[in-house]
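This report concerns only the one structure given below.
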Amino acid sequence: MKEQARLTLERAIRAMDKLVPPNQPVGFHKAEAERIRPDEHERLREFIFSMQVVSAGVEGTLSGVMKVLVGENVLTPSLTNKGWMFWKPLLLTENEKRAIESAVIRYSEATAAEFRAMKNAFERQPQKDDLTGAVAWASLFDVQSSCIQQLSKDLKEILYVTP
């Protein structure tokens with residue numbers, strides 16, 4: 001793997017690990033939501049607001065990371081000085097490209113499958129109140145977090161196993 005590609009992959013992994021630390025327990029956000037009592041309306045509003053902020057950050061960062069990993073265009077240092085004409089793909093071998101694309105596809109498929117399963121489970125439950133909705137949302141966020149952790153782990157294997 002070329003040095004520039006290795007550094008870019010390391011940055012992508014660090015960005016994902018900042019979003020969801022590798023040691024964060026599965027179900028962390030749901031557990032936080034379940035600690036809120038039904039009469040704590042202000043705490044519930046704060047939790048929902050914080051989840052919205054975190055969710056927006058995760059989506060934006062993950063979108064950028066995915067464009068770098070599997071997109072045709074990769075941000076280069078000269079882009080900020082010279083403009084859009086200096087976008088170029090990562091310098092990877094075909095095997096490295098396939099390995100990274102496979103990791104991203106596994107992430108996408110796992111996230112989609114988990115979301116579908118949880119959506120079906122939530123649809124069967126009647127929506128009682130905002131707290132129930134917050135717990136459901138936190139559960140979905142936990143699913144996404146665990147999938148991000150797995151993607152980070154897969155990319156680390158590619159980074160450190162690939163000669």
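Does the range 29-49 include one or more residues that are β-branched (Val, Ile, Thr) and assigned to a helix (DSSP H, G or I)? Don't jump to the end; show me each part of the working.
First, pick out the residues of the range 29-49 that are β-branched (Val, Ile, Thr): 36, 48.
In the following step, the residues that additionally are assigned to a helix (DSSP H, G or I) were identified as 48.
The answer is yes; a qualifying residue exists.
Considered as a group, the residues in the range 130-153 that are among the β-branched types (Val, Ile, Thr) and under 18 Å from Ala113 (Cβ atoms) include one that is nearest to the chain's Cα centre (by Cα), and that residue is Ile148. Inside the range 32-50, residues that are surrounded by 12 or more Cβ atoms within 10 Å (Cβ to Cβ) and touching a residue at least 60 places away in the same chain (Cβ under 8 Å) make up a count of 7. When restricted to residues that are at pLDDT 75 or above, part of a helix (DSSP H, G or I) and surrounded by 11 or more Cβ atoms within 10 Å (Cβ to Cβ), the range 93-129 contains 24.
Across the range 1-28, which residue is nearest to Ala56 (Cα to Cα) among those that are assigned to a loop (DSSP other than H, G, I, E, B) and of a type in the set (S, T, N, Q)? By that ranking, first place goes to Gln24.
Does Leu69 satisfy being in contact with a Ser or Thr (Cβ under 7 Å, 6 or more places away or on another chain), modelled with pLDDT under 85 and either part of a helix (DSSP H, G or I) or not acidic (Asp, Glu) (or both)? It is false that Leu69 is in contact with a Ser or Thr (Cβ under 7 Å, 6 or more places away or on another chain), modelled with pLDDT under 85 and either part of a helix (DSSP H, G or I) or not acidic (Asp, Glu) (or both).
Between residues in the range 142-163 that are touching a residue at least 12 places away in the same chain (Cβ under 8 Å) and among the acidic types (Asp, Glu) and residues that are assigned to a helix (DSSP H, G or I) and surrounded by fewer than 18 Cβ atoms within 10 Å (Cβ to Cβ), which pairs lie under 7 Å by C-beta distance while being six or more apart or on different chains? Final answer for the pair search is Asp142/Phe28; Asp154/Arg106. Pairing each residue of the range 1-26 that is touching a residue at least 12 places away in the same chain (Cβ under 8 Å) and closer than 23 Å to Leu91 by Cα with any residue that is among the hydroxyl-bearing types (Ser, Thr, Tyr) and surrounded by fewer than 20 Cβ atoms within 10 Å (Cβ to Cβ), provided the two are 6+ apart or on different chains, yields C-beta distances under 7 Å for Met1/Thr162; Ala15/Thr61.
The values are calculated or read from the model by the stated rules, or taken from the named source; none is laboratory data. What you are looking at is a predicted structure, and each value in this text was computed from that prediction instead of being measured. Every residue, glycine as well, gets a Cβ built from its backbone with ideal geometry; the counts of neighbours run over all protein chains shown.
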